[in-house]
1. Add -39500 (n - 2.57) for each DSSP H run of 4 or more in the chain, then divide by its residues: what number comes out at 222 nm, to the nearest 500 deg cm²/dmol?
2. In nanometres, what is the gap between the two model label sites at Glu202 and Glu52, each 7 Å from Cα along Cα-to-Cβ?
3. What FRET efficiency do you get for Ala81 and Ala154 if R0 is 51 Å and r is their Cβ-Cβ distance, rounded to the nearest 0.05?
4. Using the per-residue mean of other Cβ atoms lying within 10 Å as a proxy for protection, in what order, highest first, do the peptides 82-88, 72-78, 148-154 fall?
5. Sort 109-117, 216-224, 232-240 by the packing proxy (mean of other Cβ within 10 Å over each peptide's residues), most packed first.
6. Over the alpha carbons of the stretch 122-242, what is the largest minus smallest coordinate on each principal axis, giving the biggest first in Å?
7. Quick one: plug the Kirkwood hydrodynamic radius of the stretch 7-239 (C-alpha pairs) into Stokes-Einstein at 20 °C, 1.002 mPa s, and report D in µm²/s.
8. Greater than 32 Å separation of Cα atoms is the criterion. Which listed pairs, Lys182/Lys216; Lys38/Lys97; Lys5/Lys38; Lys97/Lys182, meet it?
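Values in this text are rule-based calculations from the coordinates and carry no lab data. Computed from a prediction, not measured in an experiment: that's the story for all the values here. Every residue, glycine among them, receives a Cβ derived from its backbone with ideal geometry; neighbour counts consider all protein chains shown.
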Amino acid sequence: MPQGKKIALITGANKGIGFEIARQLGEQGMHILVGARKQTQGDEAARRLESEGIEAFAVQLDVVNQSTVEAVAHMLEETYAKLDVLVNNAAIISPEKALPSSLSLAALRTTYETNVFGTFAMTQAMVPLLQRSEAGRIVNMSSGLASLGIISGAAPEILMAFNLAYCSSKTMVNAMTIFFAKELQQTGIKVNAADPGAVATEMNPTASRTPQQGAKVAVHLATLPDDGPTGGFFDENGVQPW
Ligand SMILES: NC(=O)c1ccc[n+]([C@@H]2O[C@H](COP(=O)([O-])OP(=O)(O)OC[C@H]3O[C@@H](n4cnc5c(N)ncnc54)[C@H](OP(=O)(O)O)[C@@H]3O)[C@@H](O)[C@H]2O)c1
């Protein structure tokens, strides 16, 4: 049990923006739980963090597999008896770049399974542990493409490059952010959505921002003071339109 340290769980933290969020929260002295679908990749990421002086531990976690979600909640209960920070970072984008009229229902279902139902399952499972924190924080990784305000004014070719399944799954993440924030308002747990911008990762290889830059807004929201906002949607410059 790490004495006096905050415990942060980041889903999909074996690479990309999630790994960077883990690193930056670790640099702030938090005890990091690296959520990863594959234990070996989680272990490798945790080793990298530990080589930088960060206390990190890998947990096998596939957000679409309810038994792994429950196993992690059980482990947290037994080992730490609380959770301070949950970053719902794990997400996928379907390789189908089809127009809405030809997008497969399977692509929509698969994308929602991870991005929407996975985020929901994780949040539900972790709320009882977050309620035992003095300053529980939930950060949902969203996207500028989640914003109905932004996409309604965007060029069609930009939207089609990402597809309806991914964009609308992130709109759902934004809706969940509001719902959980309202429910948890009196508990002190803050729930916010983060837009990292266009970041060069496996998901978006041609983007220009670095994972280090993309992680910053999530780290900020994960470390908000008690008088910070809840139920909001932010990028690194401030409030984003829903
Ligand atoms: N990159 C961008 O430009 C951008 C822009 C806006 C928002 N975002 C959001 O930022 C977050 C991180 O994206 P990224 O660019 O870092 O993507 P990435 O490099 O593709 O990483 C995604 C992570 O999610 C994990 N993951 C996928 N499905 C999972 C599941 N069922 N259970 C657990 N983990 C799962 C992946 O694990 P595996 O290694 O096993 O596949 C990986 O660790 C996502 O929520 C994404 O939507 C990214």
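1. On the way: 9 runs with 103 residues, N = 242.
Helix-only estimate at 222 nm: -13000 deg cm²/dmol.
2. Label-label distance for Glu202 and Glu52, simple model: 1.9 nm.
3. On the way: r = 45 Å, r/R0 = 0.89.
That pair, Ala81 with Ala154, gives E of 0.65.
4. Working: 82-88: 26.6, 72-78: 16.0, 148-154: 13.4.
With the highest mean Cβ count within 10 Å placed first, the list reads 82-88, 72-78, 148-154.
5. Values: 109-117: 18.7, 216-224: 22.3, 232-240: 16.2.
Highest-to-lowest ranking by the protection proxy: 216-224, 109-117, 232-240.
6. The Cα atoms of the stretch 122-242 stretch 45, 26, 25 Å along the principal axes, largest first.
7. Taking Rh from Cα pairs, D becomes 122 µm²/s.
8. Lys97/Lys182
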